[in-house]
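A short write-up of the structure that comes next.
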Amino acid sequence: MATHNELGKKGEELASEFLQKNNYIILERNWRFKKAEVDIIAQKDTILAIVEVKTRSSDYFGNPQDFVNQKKIKLLVEAINEYVISKDLDVEVRFDIISILKNKNNFDIKHLRDAFLHF
């Protein structure tokens, strides 16, 4: 596996652990619908948190969260619409980003709630 793929998998593991420590229940990881892949679907109370995880080894090209583009947002919104309908859920949906920046052997984790709006 390529180094960047390993870093991405490590980031998703760290993000899942972070969410669980903050009382979220992980419902799905790497859930797919058509061309979209949702990194984490988690629930806390009546909020369904759709979490895109961005992990980088450097902020030289920008912060990790800056790499979530409009195309990705559109795919996520379409996928989660299908997820909520197919599971017949009555929840508030929130789109979050967990930004992880590796600094030597440490990881700086930031949870950005309501990172973008869905239209």
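Taking residues in the range 13-32 that are at positive phi, and partners anywhere that are at pLDDT below 95 and outside any helix (DSSP H, G or I), the pairs with Cβ atoms closer than 7 Å and at least 6 places apart or on different chains are N30/E37. Number of residues in the range 33-55 that are more than 14 Å from the chain's Cα centre (by Cα) and not aliphatic (A, V, I, L, M): the value is 6.
Screening D88 with (1) assigned to a loop (DSSP other than H, G, I, E, B); (2) in contact with a helix residue (DSSP H, G or I) (Cβ under 9 Å, 6 or more places away or on another chain) gives one miss only, at (2). Pairs, please: C-beta under 7 Å, at least 6 apart or cross-chain, first residue within 8 Å of E28 (Cα to Cα) and in the range 38-50, second of a type in the set (S, T, Y)? Taking only residues 6 or more apart or on different chains, the pairs are I40/S16; I41/Y83; A42/Y24.
Every residue in the range 84-119 that is farther than 22 Å from S57 by Cα and more than 15 Å from the chain's Cα centre (by Cα), please. Of everything in the range 84-119, those that are farther than 22 Å from S57 by Cα and more than 15 Å from the chain's Cα centre (by Cα) turn out to be V84, I85, S86, K87, D88, L89, D90, V91, E92, F119.
Give me the residue from the range 48-75 that is at pLDDT below 75 and not in a loop (DSSP other than H, G, I, E, B) and, out of that set, farthest from G8 (Cα to Cα). Out of the qualifying residues, it is D66. Of the residues that make up the range 14-25, is at least one of a type in the set (V, I, T), exposed (fewer than 13 other Cβ atoms within 10 Å of the Cβ) and not in a loop (DSSP other than H, G, I, E, B)? Yes.
The values are calculated or read from the model by the stated rules, or taken from the named source; none is laboratory data. Remember, it's a predicted structure, so these values are computed and weren't measured experimentally. Please note: Cβ atoms are built from the backbone with ideal geometry, for glycine as well, and neighbour counts cover all protein chains shown.
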